[in-house]
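The values are calculated or read from the model by the stated rules, or taken from the named source; none is laboratory data. Just so we're clear, the structure is a prediction, and the values are computed from it rather than from any experiment. Every residue, glycine among them, receives a Cβ derived from its backbone with ideal geometry; neighbour counts consider all protein chains shown.
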Amino acid sequence: MVISDIRLPASKTQINRAGDILRKTAEQRSRPTPEYREALRLVRAYRAAHAYPLTNVTVGLRHHAKKSADGSWLDIGQRLKQLPTIADKLVRMPKTNLARMQDIGGCRATFLEQRTVDATIASIENRVKRGDAWDIVDIDDYVNERARSDGYRAKHVIVRKHGLQIEMQFRTAAQHNWAELVESLDKSLGLGLKQGRAEAWAVTAVASAADDMRRYELHQIDRARLIEALNSSLRPILERAGGATIG
């Protein structure tokens, strides 16, 4: 059975306008108005519209992971981006229209090794070439092609399903553990790493920690050396956390 595109709660022009109102209100921290409340209602409905295609994509991702990774995949999960996170991204990226945001619906797969990440992505690409219902919009390679200054490493595949864009993230265990650690430190200390507002010393520290994790992933250092290296790389941040250590 072929399922047509999801019916949107309004036109893309109206959805983009609602996003602009959300952005403006967040930027100015102004009090909610009737116009804002109506925009918020529309954004919520647009976000909810991603639930069905997201579930379909996650099921497909699980199929490809089982087939390509020989049981070495660790976890697959999905989420709809929270409204405060949507508003924050609209503020950080003022040229982004809400209707073009690629990751309102997102799923993530974590694998033991990079080779199984690449094999699963190749499986998805091959299936699309053979007429799968997915349409690949873009592939962002933050491992080999577009290294980030903060050390973030992953591969993102953006697909279109039932007319809406869904983001699939692919990480190795080491990449995922680094991201979870950095997110935890960022939240507890308000460093602004995720928002791109962190000071240079904090970016340098987490980038160094990412290199430690990469060396561990490549079996260049053992776990004891990894813990030692992470505590050294992240010392400027850990000192701000009251001298905590990673163990």
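Mind listing whichever residues of region 145-170 are of a type in the set (Asp, Glu) and under 19 Å from LEU80 (Cβ atoms)? Walk me through how you get there before you give the answer.
Of all residues in region 145-170, those of a type in the set (Asp, Glu) come to 145, 150, 167.
The answer is GLU167, and nothing else.
From the list ILE86, ILE76, exactly one residue is without any contact (Cβ under 8 Å) to a residue 60 or more places away in the chain, within 24 Å of the chain's Cα centre (by Cα) and more than 15 Å from LYS161 (Cα to Cα). Which is it? Lay out the reasoning, then the answer.
Numbers: ILE86 fails: without any contact (Cβ under 8 Å) to a residue 60 or more places away in the chain.
Selected residue: ILE76, the only one of ILE86, ILE76 that is without any contact (Cβ under 8 Å) to a residue 60 or more places away in the chain, within 24 Å of the chain's Cα centre (by Cα) and more than 15 Å from LYS161 (Cα to Cα).
Between THR120, THR33, which is in contact with a His (Cβ under 8 Å, 6 or more places away or on another chain) and at pLDDT below 95?
Answer to the selection: THR120.
Right, ARG62: basic (Lys, Arg) and surrounded by 14 or more Cβ atoms within 10 Å (Cβ to Cβ) or not?
yes
Pull out all pairs, ordered by first then second residue, where Cβ-Cβ is under 7 Å, the residues are six or more apart or on different chains, the first lies in region 20-44 and is without any contact (Cβ under 8 Å) to a residue 40 or more places away in the chain and more than 14 Å from LYS89 (Cβ to Cβ), and the second is of a type in the set (S, T, N, Q) and surrounded by 15 or more Cβ atoms within 10 Å (Cβ to Cβ).
Close Cβ pairs satisfying both conditions: TYR36/THR25; LEU42/GLN14.
Keeping to region 90-109, report how many residues are surrounded by 19 or more Cβ atoms within 10 Å (Cβ to Cβ) and over 22 Å from TYR52 (Cα atoms).
1
Name every residue in region 151-163 that is surrounded by fewer than 22 Cβ atoms within 10 Å (Cβ to Cβ) and touching a residue at least 60 places away in the same chain (Cβ under 8 Å), in order of residue number.
Initial filter on region 151-163 (surrounded by fewer than 22 Cβ atoms within 10 Å (Cβ to Cβ)): 152, 154, 156, 158, 160, 162-163.
Correct list: HIS162, GLY163.
Going by the conditions given, is ARG148 in the same structural domain as HIS50 (by TED's automatic domain parsing) and either surrounded by 16 or more Cβ atoms within 10 Å (Cβ to Cβ) or over 27 Å from VAL182 (Cβ atoms) (or both)?
Values: in the same structural domain as HIS50 (by TED's automatic domain parsing): yes; either surrounded by 16 or more Cβ atoms within 10 Å (Cβ to Cβ) or over 27 Å from VAL182 (Cβ atoms) (or both): no.
Judged against the criteria, ARG148 is not a match.
Those residues that are hydrophobic (A, V, I, L, M, F, W, C) and over 18 Å from GLN165 (Cβ atoms), I need them from region 123-153; list them, please. Talk me through it step by step, then tell me what you get.
To start, the set of residues in region 123-153 that are hydrophobic (A, V, I, L, M, F, W, C) comprises 124, 128, 133-134, 136-137, 139, 143, 147.
If the condition is that a residue be hydrophobic (A, V, I, L, M, F, W, C) and over 18 Å from GLN165 (Cβ atoms), then VAL143, ALA147 are the ones that fit.
Can you work out which of the residues in region 105-134 that are of a type in the set (Asp, Glu) and part of a helix (DSSP H, G or I) is farthest from TYR216 (Cα to Cα)?
It comes out as GLU125.
Within region 173-180, identify whether any single residue is closer than 27 Å to GLN78 by Cβ and free of Cβ contacts under 8 Å to residues at least 24 places away in the same chain, and answer yes or no. Lay out the reasoning, then the answer.
Pass one, region 173-180, residues closer than 27 Å to GLN78 by Cβ: 173-180.
Next cut, free of Cβ contacts under 8 Å to residues at least 24 places away in the same chain only: 180.
Looking for residues that are closer than 27 Å to GLN78 by Cβ and free of Cβ contacts under 8 Å to residues at least 24 places away in the same chain, one finds at least one in region 173-180, hence yes.
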